[in-house]
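What follows is calculated from the coordinates using simple rules that are stated; it is not laboratory data. In this text the structure is predicted, and so the values were computed from the model without any measurement. Methodologically, a virtual Cβ is constructed for each residue, glycine included, from the backbone with ideal geometry; neighbour enumeration extends over all protein chains shown.
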Amino acid sequence: MHKAKNTRTKRYRKNVDEAYETLDQIVMFINDNEKLKELSPEIKELKYNIDNKNYENAISIIDNLFEKLGEISGTEEFANKLDDLISVIDNDEVDEQKLIEVSSETFDLFNLEVSWRDDANKNLMPELIKYNDVIKHNIGLRLQSRLTKEQAKFVARCNSVHRDISLNF
């Protein structure tokens, strides 16, 4: 019976934690919108270099973009597209049709990422902040980086009483 209770408790905590982590992750993606927008000039330069068949400069721009994308959350899919693009460009003989297809997908994905994050920042973020304020002291409490002073005092008082935990092993 004790094991079943522990299993249900762990399952509940896992579900709750995953739900709150998802909220944190979405907020982080939206907050990184400005960082992503700052890459627009480099993306335009990359497009210009690919259109003018200046592949060596395009490769160096992509390498530079990889470094910057590592600091922006939620850009893994775009980084994979850039990796596909560099694979096409880095061949001895560049397949023009494949290059057009892959570069178009890459630039479209970048524009889509910027667009949805910009829209979410304007329309969704205020609601997410309200939602977070409501759940952060109950559902999200376990994942908070810091307890409030009131919560810390309550936890310290609760845990200051000796309990026999030998039955838990």
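Taking the stretch 1-102 on its own, what percent of its Cα-Cα pair distances exceed 18 Å?
Within the stretch 1-102, distances greater than 18 Å cover 60 percent of Cα pairs.
Could you state the angle between the C-alpha long axis of helix 96-123 and the longest principal axis of the C-alpha atoms of the chain, as a value from 0 to 90 degrees rounded to the nearest 10?
Here the helix axis deviates by roughly 40 degrees.
Okay, helix-only estimate at 222 nm for the chain: each DSSP H run of n ≥ 4 adds -39500 (n - 2.57), divide by all residues, round to 500 deg cm²/dmol; what do you get?
Result for the chain, helices only: -24500 deg cm²/dmol.
For residue 98 and residue 52, what is the calculated FRET efficiency with R₀ set at 22 Å and r taken between the beta-carbons, to the nearest 0.05?
Efficiency computed from Cβ-Cβ geometry: 0.80.
Can you tell me the length gained on complete extension of the stretch residue 64 to residue 127, counting 0.36 nm per residue apart and subtracting the Cα distance?
Computed gain between residue 64 and residue 127 is 19.2 nm.
Which of the three applies to the stretch 55-154, rounded, prolate or oblate, going by the alpha-carbon gyration tensor with a ≥ b ≥ c and a/c under 1.5 meaning rounded?
Prolate shape, in that a/c is at least 1.5 and a/b is the bigger ratio.
Mind checking which lysines have their Cα closer than 28 Å to the Cα of residue 81? Skip sequence neighbours fewer than 8 apart in that chain.
Output for residue 81: 35, 37, 44, 47, 53, 68, 98, 122.
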